[in-house]
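Only the coordinates and a few stated rules stand behind these numbers; no lab work does. If you're wondering where the values come from, they're calculated on a predicted model, not measured in any experiment. When we count neighbours, we look across all protein chains shown, and the Cβ atoms used for this are built from the backbone with ideal geometry, even at glycine.
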Amino acid sequence: MDDTRILLAHGNGGRLMRELIADIFARHLGNPLLDTDADAVALPRLDGELMVTTDGFTVQPLEFPGGNLGSLAVHGVVNDLAVAGADPRFFTLSALIEEGLEIEVLDRLIASFAAAARDNGVAVVAGDTKVVRRGEGGGLYLNVAGIGVKRAAAPLAIESATAGDVVLVSGPVGDHGIAVMLAREQFGLSGELRSDSASVLPLAQAVRDLPGLRFMRDPTRGGLATVVHEIARACGHGIVLEQHAVPLRPEVVAVCEMLGYDPYYLACEGRIVAVAEPGTADEILARWKALPQGADAAVIGRIEAGDSRVILETELGGRRVLDELEDDPLPRIC
Ligand code: MG
């Protein structure tokens with residue numbers, strides 16, 4: 001029996017499962033609210049409007065430059081709460097483990113999940129593990145639900161974006177997409193680029209109470225272009241992005257040129273796209289740039305009255321339509 005890998009017996013409800021939960025999940029994630037014997041736990045009363053979100057994580061490979069499935073799962077859920085104006089508090093975690101996964105890898109991923117949760121003030125309060133047969137899972141899938149408390153006074157609703165508003169981004173786009181792609185051996189490429197996988201909570205907290213802030217969203221799958229399309233559709237106006245203003249790392253530009261990808265559609269995992277009244281843009285930029293993660297923040301475009309098209313404007317005044325994404329060029333990116 002190979003005791004370095006996950007067996008089907010780790011999911012059968014018996015001793016091996018109990019030991020796996022104790023040795024990995026409870027050891028890393030333990031906190032006074034996580035009772036691995038209870039069917040359900042009572043949460044302390046939270047003061048404020050509760051917000052809830054959920055997400056599944058299937059990224060391949062499980063570990064990539066700048067992050068891994070564990071930290072990515074925390075960042076993904078923290079970021080959805082953060083851009084909605086909430087502070088994250090409690091998570092549930094459901095782990096679907098594939099038979100044959102190295103136990104050492106599982107341990108690293110859950111340790112990384114736990115560290116990221118702690119960094120963001122999150123306690124895992126409920127969890128579940130299942131083991132699926134070899135070939136039926138990608139090593140490990142994580143499903144996370146997050147509960148937070150809304151702290152922003154404004155609704156931060158996408159419909160509040162309107163003509164005349166400006167669009168900002170907190171940092172370079174496409175890093176996660178390219179970093180994960182380079183980590184897939186099939187491309188035969190390698191590079192120094194790291195995923196931007198990170199919590200955007202400090203960025204969101206820094207600006208969420210500015211009265212001129214209309215809306216925030218974290219661009220993930222489908223990238224910047226997809227979020228901008230969502231804003232255009234919701235407000236019924238067009239959005240013009242200034243190509244020279246969108247922050248892009250040279251490595252991302254180089255790989256995109258080589259492989260024919262458009263960086264505006266590539267996933268980010270640590271950025272915010274914000275819409276604000278023009279008079280508030282400088283304050284958002286100043287607050288973001290004061291944080292390490294916001295050093296490259298920029299105003300990248302504006303909402304223009306008219307039909308809800310997304311236009312990319314070049315420095316020379318040329319314009320091209322950024323169509324809505326048809327098919328994800330990089331599946332299993334998050
Ligand atoms: Mg999101």
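Below, the figures for the structure above:
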| quantity | calculated |
| --- | --- |
| Farthest positive-ward along the chain dipole, Cα basis, beta-carbon charges - from Ala38, Thr92, His176 | Ala38 |
| Cα centre as origin, Lys/Arg/Asp/Glu Cβ charges: the chain dipole, Debye | 480 debye |
| Residues with amide H under 5 Å from that of Thr129, placed H, sequence gap 5 or more | Ala95 |
| Glu136-Asp3 pseudo-label distance in nm [points 7 Å out on the Cα-to-Cβ vector] | 2.6 nm |
| Distance (nanometres) between label positions extended 7 Å along Cα→Cβ at Ala42 and Leu316 | 7.0 nm |
| Extension gain from Glu324 to Asn12, taking 0.36 nm per residue of separation minus the Cα-Cα distance | 107.9 nm |
| Calculated over the range 63-177: convex hull of Cα atoms, volume per residue (Å³) | 141 Å³ |
| Separation between Cα centres of the range 1-47 and the range 142-192, rounded to whole Å | 31 Å |
| Between the range 102-116 and the range 199-244, the alpha-carbon center distance in angstrom | 32 Å |
| Cleavage-rule hits (GluC sites (Glu not before Pro)) in the range 73-152: DSSP loop, at most 15 neighbouring Cβ within 10 angstrom | Glu136 |
| The range 182-249: GluC sites (Glu not before Pro) in DSSP loop, at most 14 other beta carbons within 10 Å | Glu192 |
| Ser160 paired with His244, simple spin-label distance in nm, labels 7 Å along Cα-to-beta-carbon | 3.3 nm |
| Residue among Leu168, Leu46, Leu203 with the largest mean-square fluctuation in a Gaussian network model of the chain, springs linking Cα atoms under 10 Å | Leu46 |
| Kyte-Doolittle mean at least 1.0, axial Cα span of 15 Å or more - DSSP H helices of the chain | 69-83 |
| Cut-off under 5 Å, modelled amide H: who pairs with Arg89 long-range | Ile147, Gly148, Val149 |
